[in-house]
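Enquirer: Dropping the structure in here first, questions after.
The values are calculated or read from the model by the stated rules, or taken from the named source; none is laboratory data. Small disclaimer: the values here were computed from a predicted structure and weren't measured. So basically every Cβ, Gly included, is an ideal-geometry build from the backbone, and we count neighbours across all protein chains shown. To get the accessible areas, we keep the full protein, side chains included, count just its heavy atoms, and leave off ligands, DNA and RNA. Shrake-Rupley method; radii C 1.70, N 1.55, O 1.52, S 1.80 Å.
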Amino acid sequence: MTPVERLPAALARRIALGAQGFAEPRPAAPVGTRQLRRVAERLAVVQIDSVNVLSRSHYLPLFSRLGPYPRAALDVLSNRRHELFEYWAHEASFLPVRLHPHLRWRMAAADQEAWGSMTRVQRERPGYVAALLERVRSDGPIRASQLQEERPNRPGSMWNWHAGKAGLEYLFFTGALTATARTAGFERVYDLSERVLPAGIVHAPTPDRPDAVRELVRTAARALGVATETDLRDYFRLGPADARIALAELADAQELLPVEVDGWNRPAWLDPQARRPRWIRARALLSPFDSLVWERPRVERIFGFRYRLEIYTPAHKRVHGYYVLPFLLGDRLVARVDLKADRQAGMLRVQAAHAEPGVDRDVVADALAAELRLMAGWMELADVVVAERGDLWPELSRALASQA
């Protein structure tokens, strides 16, 4: 029996960072479609979120890895070329269109996989949902705001959809509709999938569910490098039974190798093609929805970094702020900043800055200041302003002043 390899925690961390695209230097030349496509394929899932206090979240992971790039080029990949498509993966996400056939089992199981008002409107008003589909078929793309429906009064609910929106979302979940674009206000524009997706994808055969799930686990393993079963399942929000069968089959084929990682205290799996970088020289601000940090237990296991999203926490109970981005320097998460794009004033506002215990604050502040200035320039903001909150703000203010 082949002995299971034991990985030092630092090597596992570098493998994970390499798999996520942080082992390579940022391009020296202007970034174009080819680099964006490559990162999107590497990550496989780029999560979408509507919060816009800093930036729509799907733009940030590519900036973190590539530096400044034209946002319009990413919009072209999703809204014009449709090389990326929207669907429910980890959460609402952009994915390479090659994965569409591998998610059709989820589309076919919408009545079991979907939730809330989506399934309720189909169950209670199937004729209405069918009529919505026919309206799109005959009249073309549609937004939910074009439907004359009364929005229900359910205070505190983030899924406070009227029946038309719920019906369109059900049809989106089934794959009958897809997003052909997003409006300036980030509203989804729905159209028939066969009118939006490339013909080669529309007519591609649908894999059996076990084959499809195996490809999703394989894709997650490549994106993660080294991961536990839970990590692999979470990437595409797969059920335990499906994922375990796929894991066993990939292990039998030696497409995944069992490993032990110091300090993880649970079995792990290694992509045998994963790079093993000797060092990581990254410098990046990470969206709260970045695939490197979206699974909080994995972040704590790999980086020793406890991270919680406090958007939905009452302001007086927040510890680090509203929209807090971890700061990656080298192979460590060394700080976190609460950021806001004040577009009217032309300022990138650092509303709080906190350092991790034990770091050299001057070194961290210098690197963070440079990254904040790079981000401000990319976002066409004239300056960076630091509020007097958090334990890193004095060093960060000095570093920004010295770099001005």
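Enquirer: Could you give the nm distance between label points at Arg42 and Arg195, where each point is 7 Å from its Cα heading toward the beta carbon?
Expert: 3.7
Enquirer: Given 0.36 nm per residue, what is the gain on full extension from Arg123 to Ala108 after removing their alpha carbon distance, in nm?
Expert: On the way: separation 15, 0.36 × 15 = 5.40 nm, distance 1.54 nm.
Full extension of this stretch gives 3.9 nm more.
Enquirer: Okay, next question. Of the options Phe305, Leu400, Ala376, report the single residue whose Cα projects farthest towards the positive end of the charge dipole of segment 279-404 (beta-carbon charges: Lys, Arg +1; Asp, Glu -1).
Expert: Selected residue: Phe305.
Enquirer: Which residues in segment 37-62 place their backbone N less than 13 Å from a point set 7 Å from the Cα of Asp342 along the Cα-to-Cβ direction?
Expert: Residues passing the 13 Å test: none.
Enquirer: Given R₀ = 41 Å, FRET efficiency for Ala241-His316 by Cβ-Cβ distance, to 0.05?
Expert: On the way: r = 43 Å, r/R0 = 1.05.
My answer for the efficiency is 0.45.
Enquirer: Could you calculate the FRET efficiency of Ala382 with Ala72 from 1/(1 + (r/R0)^6), where r is the beta carbon distance between them and R0 is 22 Å, rounded to 0.05? Intermediate values should be presented prior to the final figure.
Expert: On the way: r = 21 Å, r/R0 = 0.95.
Here the calculated transfer efficiency is 0.55.
Enquirer: Measuring from label point to label point, each 7 Å out along Cα→Cβ, what is the Ala370 to Ala10 span in nm?
Expert: Reported label-point gap for Ala370 and Ala10 is 2.2 nm.
Enquirer: As I understand it, the dipole of the chain uses +1 on the Cβ of Lys and Arg and -1 on the Cβ of Asp and Glu, about the Cα centre. Which of Tyr322, Ala246, Val31 lies farthest toward its positive end?
Expert: It is Val31.
Enquirer: Please find, in a Gaussian network model of the chain (springs between Cα atoms separated by less than 10 Å), the residue of Leu11, Leu84, Leu286 whose mean-square fluctuation is greatest.
Expert: Leu11
Enquirer: Let me ask something else. Accessible area per residue, 1.4 Å probe, Å², for segment 106-250: what's the number?
Expert: Details: 6750 Å² over 145 residues.
Ligands and nucleic acids excluded, the result is 47 Å² per residue.
Enquirer: Turning to a different aspect of this structure: What is the ratio of the Cα radius of gyration of segment 308-403 to 2.2 N^0.38 Å, with N the residue count, to two decimals? Walk me through the numbers on the way to the answer.
Expert: Details: Rg = 12.8 Å, N = 96, 2.2 N^0.38 = 12.5 Å.
Taking the Cα Rg and dividing by 2.2 N^0.38 Å, one obtains 1.02.
Enquirer: A further question follows. Within the chain, what whole-number % of the accessible surface is contributed by carbon and sulfur, with the 1.4 Å probe and all protein chains included in the calculation? Each step should come with its number before you reach the end.
Expert: Numbers: 9110 of 18090 Å².
Answer for the chain is 50 percent, counting heavy atoms of protein chains only.
Enquirer: Here's something else I'd like to know. At q = 0.06, 0.10, 0.13 Å⁻¹, what is the base-10 log of I(q)/I(0) for the chain according to the Debye formula with one equal point scatterer per Cα and no solvent? Please give it to two decimals.
Expert: After summing over all Cα pairs, the log10 values are -0.26, -0.73, -1.20.
Enquirer: Treating only the Cβ of Lys, Arg, Asp and Glu as charged (+1, +1, -1, -1), what charge dipole size does the chain show about its Cα centre? Round to the nearest 20 debye. All intermediate terms of the calculation are to be shown ahead of the outcome.
Expert: Values: 57 positive and 49 negative charges, 77 e Å.
That gives the chain a dipole magnitude of about 360 debye.
Enquirer: Once you place label points 7 Å from the Cα toward the Cβ at Phe186 and Asp262, how far apart are they in nm?
Expert: My value for the distance between the label points is 4.2 nm.
Enquirer: Another question, then. Could you check which residue among Arg237, Arg135, Arg81 shows the biggest mean-square fluctuation in a GNM of the chain with a 10 Å Cα cutoff?
Expert: It is Arg135.
Enquirer: What 222 nm value per residue comes from the helices of the chain, counting each DSSP H run with n ≥ 4 as -39,500 (n - 2.57) and dividing by all residues, nearest 500 deg cm²/dmol? Mind dumping the intermediate values first?
Expert: Working: 17 runs with 159 residues, N = 404.
Value at 222 nm, helices only: -11500 deg cm²/dmol.
Enquirer: Quote to one decimal, in nm, the extra length available between Thr230 and Arg398 on full extension: 0.36 nm per residue of separation minus the C-alpha distance between them. Could you put the intermediate results ahead of the total?
Expert: Numbers: separation 168, 0.36 × 168 = 60.48 nm, distance 4.23 nm.
Answer, rounded to one decimal: 56.3 nm.
Enquirer: If one computes P(r) from the Cα atoms of segment 238-303, what percent of pairs lie at distances over 18 Å? List each step's numbers first, then the result.
Expert: Numbers: 1230 of 2145 pairs.
The proportion of pairs with Cα distances above 18 Å equals 57 percent.
Enquirer: Still on this structure, please answer the following. Any chance you could tell me what percent of the C-alpha pair distances in segment 114-197 go past 16 Å? Spell out each step's value before the answer.
Expert: Working: 1728 of 3486 pairs.
Tail of P(r) above 16 Å: 50 percent of Cα pairs.
Enquirer: If the only charges are +1 at each Lys and Arg Cβ and -1 at each Asp and Glu Cβ, what is the size of the charge dipole of segment 1-148 around the Cα centre, to the nearest 20 debye? Spell out each step's value before the answer.
Expert: Details: 22 positive and 13 negative charges, 74 e Å.
Here segment 1-148 has a charge dipole of around 360 debye.
Enquirer: For the chain, set up a Gaussian network in which alpha carbons nearer than 10 Å are linked by springs, and say which option among His354, His316, His162 fluctuates the most.
Expert: His316
Enquirer: Here's a follow-up. In Å and from the alpha-carbon atoms only, list the Rg and Dmax of segment 146-280.
Expert: When restricted to the Cα atoms of segment 146-280, Rg and Dmax are 20.2, 59 Å.
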